[in-house]
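The values are calculated or read from the model by the stated rules, or taken from the named source; none is laboratory data. Everything quoted here is computed from the prediction, not taken from an experiment. Neighbour counts are summed over all protein chains in view; Cβ atoms, including those assigned to glycine, are modelled from backbone coordinates with ideal geometry.
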Ligand SMILES: [Zn+2]
């Protein structure tokens, strides 16, 4: 059912049932954890990433703005910002005497980001303030996060009736995932299964590059029966582009991935209907902080070999 002309790899039965979507709290927690780690990775901008994907730090946005308005080269602005504040965060320190105002005494010992001033403003900024900022360099932790960059405009979701009608009654015109309302579920399924494999490939590549541009691709057949019986041995390919920089023992990776899905809906050979292609694409950004040393990392090379095929025998 739905198996295309693409020769599918032999598949193992695993992870039967439908793909378990991650609950939104989990995703939010991961996002917060990632941003926390990412903020700490910002000093790596000093190494001037050779590509424009890291655009989401305030320092970068500010530098980009200066470039647009005054033509100041982005790298120069970033270096200046780093010279002004050698770390992304600081520890608020007061003089510790009885002249310190209460709001500033309350900040003593707390950690703040240079990008997000506290209500009191940064130390020394308010009139007569004698407080000072002690540079704070937090430790990095491994983390990864994938976010979807392209729009998802799913039409109402096709069920078995629409798939059959298109096969037998209509001319079997090619359809896209948004047209059949399956783009979101396919993206979710890939995120909860095949993503690990893509992530491992990116980390492997980053470990060989260490600092510079990452360009890579993949192309494999997977079973998508877990999403819908209408999808068979579908092909998922992808183009990876971005970069990696090194900070101590860690690799700071940011890439975009353009995923391409393709399948052909067929029923049984010689059945009087018209097989039709089902295609779709989406683009994500993947950000990873990974230990360079695989043995000390939770990101293992072997994940790249994992098989995420699922139960072929989904009942109609
Ligand atoms: Zn003060």
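If a residue must be in a strand (DSSP E or B) and under 21 Å from residue 181 (Cα atoms), how many such residues does region 207-229 contain?
Residues flagged as in a strand (DSSP E or B) and under 21 Å from residue 181 (Cα atoms) within region 207-229 amount to 2.
So which residues in region 113-125 are within 8 Å of the ligand (Cβ to nearest atom) and surrounded by 14 or more Cβ atoms within 10 Å (Cβ to Cβ), if there are any at all?
Listed by number, the residues that qualify are 120, 123.
Listed here are the residues, each with its yes/no results for (1) more than 16 Å from the ligand (Cβ to nearest atom); (2) in a helix (DSSP H, G or I); (3) within 30 Å of residue 100 (Cβ to Cβ).
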{"site": "133", "(1), (2), (3)": "no, no, yes"}
{"site": "186", "(1), (2), (3)": "yes, yes, no"}
{"site": "196", "(1), (2), (3)": "yes, yes, no"}
{"site": "201", "(1), (2), (3)": "yes, yes, no"}
{"site": "205", "(1), (2), (3)": "yes, yes, no"}
{"site": "231", "(1), (2), (3)": "yes, no, no"}
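When the residues of region 92-111 are narrowed to those that are more than 9 Å from the ligand (Cβ to nearest atom) and in a helix (DSSP H, G or I), which ends up nearest to residue 127 (Cα to Cα)?
By that ranking, first place goes to 102.
If you scan region 124-147, which residues turn out to be modelled with pLDDT of 90 or more and under 36 Å from the mean Cα position of the chain (by Cα)?
Residue satisfying the conditions is 133 alone.
Return only the number of the condition from (1) in contact with a helix residue (DSSP H, G or I) (Cβ under 9 Å, 6 or more places away or on another chain); (2) crowded, with 22+ Cβ neighbours inside 10 Å; (3) under 27 Å from residue 142 (Cβ atoms) that residue 231 does not satisfy.
Among (1) in contact with a helix residue (DSSP H, G or I) (Cβ under 9 Å, 6 or more places away or on another chain); (2) crowded, with 22+ Cβ neighbours inside 10 Å; (3) under 27 Å from residue 142 (Cβ atoms), residue 231 violates only (3).
Search region 106-131 for residues that are at positive phi and without any contact (Cβ under 8 Å) to a residue 60 or more places away in the chain and pair each with any residue that is assigned to a loop (DSSP other than H, G, I, E, B) and more than 13 Å from the ligand (Cβ to nearest atom) when their beta-carbon atoms are under 9 Å apart and the residues are at least 6 apart or on different chains.
Short answer, once both residue conditions are applied: none.
Restricting the search to region 260-272, which residues are closer than 21 Å to residue 188 by Cα and surrounded by fewer than 23 Cβ atoms within 10 Å (Cβ to Cβ)?
Within region 260-272, 260, 262, 264 qualify.
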